[in-house]
Amino acid sequence: MIIITTSWVTKGEFLLFSSKKWVALTLFLVLSLVVSAFGSPSNSTNSSAAKAPEAKNNDAAKPATRTVKHAMGETTITGTPQRIVVLTNQGTESLLELGIKPVGAVKSWIGEPWFDHIKDKMSGVQVVGDETQPNLELIASLKPDLILGTKVRQEKVYPQLSSIAPTVFTENLGDSMVENFKLYAQALNKEAEGMASLDSFNQSIQQTKTALGDKTKMRISLARFQPGKVRVYYKNNFAGVILEQLGFARPEAQDKNDFTADVTTEQIAVLDGDVFFYFTSDREGETGASKTAEEWLNSPIGKNLNVIKKQRAFNVNEPIWNTSGGIIAAKLLIEDIKTRFEKLSL
């Protein structure tokens, strides 16, 4: 009896434990399915959350697009241009001042092909004609991503230029050096660097003006000699603007808000003043302008000028004082004035 009873009880216990085992296994499977079901959306959410910053980063990596207003309308420029073609001597100096070497530039008015004061910075730059006749085919072959020019020189070819690359034009040249520099800096996406350069330039103006003191009361006459022609320069030109910024007086005959005017030998008195700066526009190998200056200033009426009698007539560098018209030349012009007036007395 004892044996039979023990055998039955052992079997019952076995059945009981087997039943519990299956219940536990079933519960485990159900819980696994529940966790899996709730886990899937969570993973999907995490994946979407991870992709959101990635999408934002991709948007941030795209170059910003800017719209630049200029003399010919508006031009859209993407990012920071890397291959620039510049079609003015003034613009070339703007790029160099900002630490940019253009892939192409028009030749300098004097020099083969660059002005002496910039030639060491222009190695490898392709000449693309001159300001009045840029070579469109050559410009296109350089594959520029920005073209900088001026309405006063290249208005007629603006449509062709803008079909090659985004093109930005200044209104004119000469007395608008600062405004043009700001526009080009904006187009180049270098506005901060441009403002720093202008701040330095303005500081140089103020320091020189202070150093000159009462010498700025001296009346500065300004003129240009060309072969067989003489032109008086008033206040609205490259050198005239800088002289005014330095606080210099001008002779009454030249104290006008105009650009220039041709004069005859009978009008030579308009060239007189306390100090006379003149430039001769001889190109390479030419002497016609220098000959005209010599004829005028050595003539009987020329020798009667106050500036000639007092030996205060100075032949200055034409590219720096006139034809370049850029910010590098402007700084050199200021240095030239400072050096010359250190040797002059009131």
_Where a residue in the range 67-83 is part of a strand (DSSP E or B) and open to solvent by 10 Å² or more (accessible area, probe 1.4 Å) and its partner, wherever it lies, is of a type in the set (Val, Ile, Thr) and at pLDDT below 95, with Cβ under 7 Å and at least six apart_ = Thr76/Thr65; Thr78/Thr65
*Just need a number here: residues in the range 119-145 that are more than 19 Å from the chain's Cα centre (by Cα), under 22 Å from Ala185 (Cβ atoms) and open to solvent by 40 Å² or more (accessible area, probe 1.4 Å).*
0
*Find all pairs meeting these conditions: Cβ atoms under 6 angstrom apart; at least six residues apart or on different chains; first residue within the range 85-113 and closer than 12 Å to Asn180 by Cα; second residue of a type in the set (Asp, Glu) and part of a loop (DSSP other than H, G, I, E, B).*
Thr88/Glu131
_When residues of the range 235-287 are limited to those that are part of a helix (DSSP H, G or I) and of a type in the set (D, E, K, R), the one farthest from Asn202 (Cα to Cα)_ = Glu266
*What number of residues within the range 298-346 satisfy the criterion of being on the phi > 0 side of the Ramachandran plot and surrounded by 20 or more Cβ atoms within 10 Å (Cβ to Cβ)?*
1
_The one condition in (1) over 15 Å from the mean Cα position of the chain (by Cα); (2) not in a helix (DSSP H, G or I) that Leu148 fails to fulfil_ = (1)
*Identify the residue in the range 276-297 that is modelled with pLDDT under 95 and within 18 Å of Leu222 (Cα to Cα) and, among all such residues, is most open to solvent (accessible area, probe 1.4 Å).*
Asp282
*Determine if the range 266-275 includes at least one residue that is under 36 Å from the mean Cα position of the chain (by Cα), surrounded by fewer than 16 Cβ atoms within 10 Å (Cβ to Cβ), over 18 Å from Ile118 (Cβ atoms) and in contact (Cβ under 8 Å) with a residue 24 or more places away in the chain.*
no
_Which condition from (1) open to solvent by 80 Å² or more (accessible area, probe 1.4 Å); (2) part of a helix (DSSP H, G or I); (3) not polar (S, T, N, Q) is the one that Asp116 breaks?_
(2)
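The values are calculated or read from the model by the stated rules, or taken from the named source; none is laboratory data. Here the structure is a predicted model, which is why all the values come from computation and not from measurement. Here the Cβ is made from the backbone with ideal geometry for all residues, glycine too, and neighbour counts use every protein chain on show. Side chains are part of the model used for accessible areas, which takes the heavy atoms of the whole protein and leaves out ligands, DNA and RNA. Shrake-Rupley method; radii C 1.70, N 1.55, O 1.52, S 1.80 Å.
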